[in-house]
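Student: First, the structure itself, so that you have it in front of you.
None of the figures in this text is laboratory data; all of them are computed from the coordinates on show. The structure displayed is predicted, hence computed values, not measured ones.
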Amino acid sequence: MFIQLILMELKSFYRNPGIIFWAFGFPLIMAGALGAAFSSKKESIRKIGIIGENSIEIVNKYKSIPIPENSYSTFEFISLSKEEAIIKVKRGEIQLYVESSEETNFYFDPSNSEGYQSYLLLERLEGKFEKKPSKIIQINTKGTRYIDFLIPGLLALGIMNSCVWGSGWTLIEFRIKKLMRRMIATPLPKWIFLSSHIVTRFILSGLEFFFLIIFSYLIFDVEIQGSILALFLIFISGNFTFSGIAILMSSRASNTQVANGLINLVTFPMTISSGVFFSYHNFPESAEKIIQYFPLTLLADSIRSIYNEGSGITDIFIPILILNFLGTIFFFTGLKIYKWD
Amino acid sequence: MINAIEINNIKKKFKDLTAVDGISHTIKEGEYVALLGPNGAGKTTLVEMLEGIQFPDEGEIQILGMKWDSHENEIRKVMGFSLQETKFIDKLTVDETMKLFFSFYSSVSKKSDEILDLVGLSLKKKSYVENLSGGQRQKLALAIALINNPKILILDEPTTGLDPGARREIWNILQELKKQSTTLILTTHYMEEAEQLCDRIVFLDKGKILASGSLSELLELNSLGEYVNFVLLKNDKIINWESLPGFRNIYWNEKDISGKIHVDDIISFLPLFLKIIKDNNLNVLSFECKKMTLDDLFLSMTGRSLGD
């Protein structure tokens, strides 16, 4: 009896090729792809900004310090003005910058673990070379804290998840439960049926977006420094792109396992690589070139620049254009290949 | 007069299975037609092609003189249907579901309450779809099919799985609709449903039309006749039933040791039948005489029962 039950489950599993792929093939492919992406980065490169009048000299000094053989980290030192360093911190391109004169000042947000780790490694390195008094200067002006980096990323992530899981999953469920079949067999135009899902998502993820903005402002004092209109436009564009992706993804899937796999295939790589929680500038340069054009990266970077760098519509015009272009392509491709019954 | 539906040599294959195999047929406006056949006969595939949910691999369908590829929207406006398995959103009420479907049609003269009244769902207006019984769901599917006051109504097994009371209620609604000269195409494997509701019956089997006509035409086509059904205790003698006057055919079931003899007229056949039983000393376990039904007719044409 017990064995028969197990056999029943195993049979219904292996007799469905789609499920087998998403259960075995997909995790292997993901592991392979991510493994390749991360293992190609033999050691992590930490970008460190050097500011002050003598910055070039200091960069050269640091460069001459031999890296201990057992170290997993290498540093890239960049000479910057203080303003440039602040912008790079806001964008997550560097987590720490150094000013070296009589004493060495390390500027970073201690709540940012990457920054803190860079500080520890750098201080140890410097100690081997020349001992100077050093000081941590906490950077906590608005826009430079880790929370200022994180909240825009979470806003972007919220839009993606709301559209892809919300819209995509609902549409697939509509097909699986045969709810769609009856509806589209009326004079209702198919594009209106799909568009209604996009608009519903605008409303629902708009509410989520709004609540997170208010919450982060009240609790963490994370403030929008740029244009509200620009934020609204990038929100609409992001929604449109991810709704387009949701429609494309839901266009053929006819069971929940395949749907689950497909949605993970789209959301998982972007969640970890698009700079939501940590900067994608830590990825190898070749990967970074691709990652920066991921829809989630475009969205997160744009929201971040509106929040922290005071950007307006003109500054994020290109991401808006790309996101809407992608959304249109995804929507119409989905509409074209949609399986309605 | 334009025909309501014209089907011209349509074929539909699913991988190796030919579901519909070269069907041609015409249905006139205002006709009530039943598509009758066992499971897998191709009924649902045929009606889904009429409904524009599936499309034939070959052949052509015209609905009120219009084709699906050029007049989809116009056809949708004049057609109402319920699918074999119609599902609606569980968390909407009956009334909200009706409103949703009303919004898909631009100009409809009927009111939701009027239709709910007709199908007997007025009292369930505020109930969630998830709380409806099987019969009530079928009624809701029918109500939705009626929203646009359709000229052609296609119902795919509207009473399958319902208890006799609920089935009869649906029949009453459909009989009421007949007064409005709606064209109805109904698939069923209940012969009683076809007999009660429809002007014409089309027998389908293995994707082909076996016969079509009114009930009396079909029975007459097969020259009516009657049946003598019997079960024997054992089968140890060879009886020559064919030699009896009025004999037409026998369907012999070796496993059950039962026979079904198709005869011209029971009154004249019966004494001869009983004489053979007596002369051969046959031990009869059960015995009945009956008039020919659609199921018998289907059996006489295919050698299989409608319920198979």
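Student: Could you grab the relative contact order for segment B:141-227? Cα pairs under 8 Å, six or more apart, rounded to a whole percent.
Tutor: Relative contact order here is 23 percent.
Student: Over all directions, average the projected area of the Cα convex hull of segment A:121-244 and note it in nm².
Tutor: If I average the Cα hull's projected area over directions, I get 12.0 nm².
Student: For segment B:154-253, compute Rg over Rh where Rg is the Cα radius of gyration and Rh is the Kirkwood radius from the inverse mean 1/r over Cα pairs.
Tutor: 1.10
Student: May I pose another question? If a/c stays under 1.5 just call it rounded; otherwise compare a/b with b/c (prolate if a/b is bigger, oblate if not). Do that for segment A:270-341, with a ≥ b ≥ c from the square roots of the Cα gyration tensor eigenvalues.
Tutor: Oblate, since a/c reaches 1.5 and b/c is not below a/b.
Student: Also, I was wondering about something else. Starting from the alpha-carbon convex hull of segment B:161-215, give the projected area averaged over all orientations, in nm².
Tutor: 4.3
Student: Hey, another quick one. Taking H as built 1.01 Å from N, whose amide H comes closer than 5 Å to the amide H of A:Ser134, not counting residues under 5 places away?
Tutor: For A:Ser134, the qualifying residues are A:Thr104.
Student: Using only the Cα atoms of segment B:52-191, what semi-axes does the equivalent ellipsoid have when each is the square root of 5 times a gyration tensor eigenvalue? Give whole Å, largest first.
Tutor: Semi-axes, largest first: 25, 18, 15 Å.
Student: Along each of its three principal axes, how wide is the spread of alpha-carbon positions in the protein assembly as shown, in whole angstrom units, largest first?
Tutor: Answer, in whole Å and largest first: 130, 60, 43 Å.
Student: Which percent, to the nearest 5, of DSSP beta bridges fully inside segment B:147-225 are antiparallel?
Tutor: Details: 5 of 10 bridges.
Antiparallel bridges make up about 50 percent of those DSSP assigns within segment B:147-225.
Student: Let me know the Kirkwood hydrodynamic radius for chain B, please, with Cα pairs as the basis and the value in Å to one decimal.
Tutor: Radius from the Kirkwood sum: 21.6 Å.
Student: Another question, if that's okay. How big is the gap, in Å, between the Cα center of segment B:95-166 and the Cα center of segment B:278-298?
Tutor: About 44 Å separates the Cα centre of segment B:95-166 from the one of segment B:278-298.
Student: Follow-up. Stretched out fully, how many nm does the piece from B:Gln180 to B:Lys11 gain, at 0.36 nm a residue minus the Cα gap?
Tutor: Roughly 57.6 nm would be gained on extension.
Student: With only alpha-carbon atoms in the gyration tensor, what are the semi-axes of the equivalent ellipsoid for segment A:98-167, in Å, largest first?
Tutor: The three semi-axes for segment A:98-167 are 37, 13, 6 Å.
Student: Could you grab the relative contact order for segment B:153-297? Cα pairs under 8 Å, six or more apart, rounded to a whole percent.
Tutor: Contact order relative to length: 22 percent.
Student: Using alpha carbons only, how many angstrom separate the centre of segment A:190-260 from the centre of segment A:100-179?
Tutor: After rounding, the separation between the Cα centres reads 23 Å.
Student: Output wanted: per-residue J couplings in Hz (rounded whole) for segment B:207-213, from phi through Karplus 6.51 cos²θ - 1.76 cosθ + 1.60, θ = phi - 60°, x for Gly and Pro.
Tutor: For segment B:207-213, the Karplus curve yields x, 10, 7, 8, 6, 8, x Hz.
Student: Just need the relative contact order of chain A here, percent rounded to a whole number, with Cα pairs under 8 Å and 6+ apart.
Tutor: 21
Student: Per-residue ellipticity at 222 nm for the protein assembly as shown, helices alone: DSSP H runs ≥ 4 residues times -39500 (n - 2.57), over residue total, nearest 500 deg cm²/dmol?
Tutor: Mean residue ellipticity at 222 nm (helix-derived): -15000 deg cm²/dmol.
Student: Can you give me the long-range amide H partners of B:Ser214? Hydrogens built in the peptide plane at 1.01 Å from N, cutoff under 5 Å, separation of 5 or more residues or another chain.
Tutor: It is B:Ile201, by chain and number.
Student: In vacuo Debye scattering of segment A:162-215, one point per C-alpha: log10 I(q)/I(0) at q = 0.14, 0.17, 0.23, 0.26 Å⁻¹?
Tutor: Treating every Cα as an identical point scatterer, log10 I(q)/I(0) equals -0.44, -0.60, -0.89, -1.02.
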